[in-house]
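See below for the structure under consideration.
The values are calculated or read from the model by the stated rules, or taken from the named source; none is laboratory data. Not measured: the values here are computed from a predicted model. Here the Cβ positions follow ideal geometry from the backbone for every residue, glycine too, while neighbour counts run over all protein chains shown.
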Amino acid sequence: MKPELDDLAGSAGEWLRGTGPESDVVISSRVRLARNLDGYPFLTQAAPKQRAEVEALARERIEGNKLGKGMNVLYLALKDLNPIERLFLVERHLISREHAAGDADRGVAVGKREALSIMVNEEDHLRIQVLRSGLQLQEAWDEISKIDDALDRSLTYAFSPQFGYLTACPTNVGTGMRISVMLHLPAVVMTKTLDKILHSLQRINFTVRGLYGEGTQATGDFYQISNQVSLGKSEEELVQEMQGVVPEIAKYEKTWREKLLKEKRTWLEDKVWRAVGTLKNARTISSDETLELLSLLRLGVNLGVVDGVDQRVLNELFVSTQPGHLQKHEHKILEAADRDAVRAAYIRKRLGA
């Protein structure tokens, strides 16, 4: 593992802090902008030489830019990273799975506290994202707008007066903006009322994905909600739409949590304490079981069933117990069975068992 990645692993990312509005339900807020450079074809049509030119130019301008107060970035060329290092970045939500699996000239710039990442040569030439803990969409938009303006002063974006920012995927044309909020919805899942939320969101052009975005299944009762359309609306309108939707979902989840606590308290406490017992005593545990049990423990902490466990620690455990992080800590490739044993020992240590 490169020393730079060791530095990243030594501290929790911005989105894992467990603070901010609605943080008992809303894990994080993310605003992402898709941008392409004028004069270069989209990556699906670009020759290897053009892809290399895009990465070199983007890297030079990103590293040489004043992106904001304290916003010095670390740039990592993906061709210099091994599979575990790439997986580590995916688990930190700094790059996508598609970016990690890609070849040729690609990179990522990571800002202080991992509040910023800029993927270079993913689906578009640039994928700029800002992350915040809790429900802080407006703050994330304000920040990314400044960063986008700073880059726009040194890079010429592909832009159409009629269509807006031009992107590789037609659904991103316009603002090029994707807003997503990661939610923890254990009570909604337990009461089998999730479909009601999903159908309502689909009717108003929002999509729901799993923990790691498009193409992933929901695990640990985590769901990412994002806008489907970026054309025909301003960035402010898109932010306000999401700002109006998320508190209602959070309210719905909290209502069911209280209802479960009131009407099925013994049943709920039993599930939570069984999760505590397993997490603190297991000698081997899989990724999926870990996420399920941590979800129950997080619910128990939020409802006051379990005391003395920091929500931030739980948020970090959802990430630090993933395969890339475990292998990074051990400085070697681990078979699945070995990872399960290392994971169990790591959880026991973090929970003070």
Quiz item: Of the residues GLY304, GLY352, GLY308, GLY300, which is assigned to a helix (DSSP H, G or I) and not aromatic (Phe, Trp, Tyr)?
Solution: GLY300
Exercise. Sort through ASP148, ASP195, ASP142 and tell me the only one that's assigned to a helix (DSSP H, G or I) and touching a Leu at 6+ places or on another chain (Cβ under 7 Å).
Key: ASP148
Practice problem: Using the structure shown, decide if GLU85 is over 11 Å from GLY324 (Cβ atoms) and outside the structural domain of GLY324 (by TED's automatic domain parsing). | Solution: no
Quiz item: Pick from the stretch 306-320 the residues that are acidic (Asp, Glu) and either more than 16 Å from GLY220 (Cβ to Cβ) or loosely packed, with under 15 Cβ neighbours inside 10 Å (or both): which of them is farthest from the chain's Cα centre (by Cα)?
Solution: ASP307
Quiz item: Restricting to the stretch 76-121, what's the tally of residues that are assigned to a loop (DSSP other than H, G, I, E, B) and under 27 Å from TRP141 (Cα atoms)?
Solution: 9
Self-check item: Conditions (1) assigned to a helix (DSSP H, G or I); (2) of a type outside the set (Gly, Ala, Ser); (3) in contact with a Cys (Cβ under 9 Å, 6 or more places away or on another chain); number of the one not met by ASP124
Solution: (1)
Quiz item: Within the bounds of the stretch 71-92, is there any residue that is under 18 Å from PHE42 (Cα atoms) and touching a Gly at 6+ places or on another chain (Cβ under 9 Å)?
Solution: no
Quiz item: Can you find even one residue in the stretch 28-39 that is of a type in the set (Lys, Arg), surrounded by fewer than 18 Cβ atoms within 10 Å (Cβ to Cβ) and not in a loop (DSSP other than H, G, I, E, B)?
Solution: no
Self-check item: Top-ranked residue of the stretch 281-290 - restricted to ones that are touching a helix residue (DSSP H, G or I) at 6+ places or on another chain (Cβ under 7 Å) and at pLDDT 95 or above, ranked as surrounded by the most Cβ atoms within 10 Å (Cβ to Cβ)
Solution: THR290
Exercise. Output the number of residues of the stretch 118-160 satisfying the condition of being more than 16 Å from the chain's Cα centre (by Cα) and at positive phi.
Key: 1
Quiz item: Somewhere in the stretch 40-49, is a residue touching a helix residue (DSSP H, G or I) at 6+ places or on another chain (Cβ under 9 Å), surrounded by 14 or more Cβ atoms within 10 Å (Cβ to Cβ) and at pLDDT below 90?
Solution: no
Exercise. Could you pull out the residue among ALA109, ALA100, ALA115, ALA77 that is without any contact (Cβ under 8 Å) to a residue 40 or more places away in the chain, of a type in the set (Gly, Ala, Ser) and crowded, with 17+ Cβ neighbours inside 10 Å?
Key: ALA100
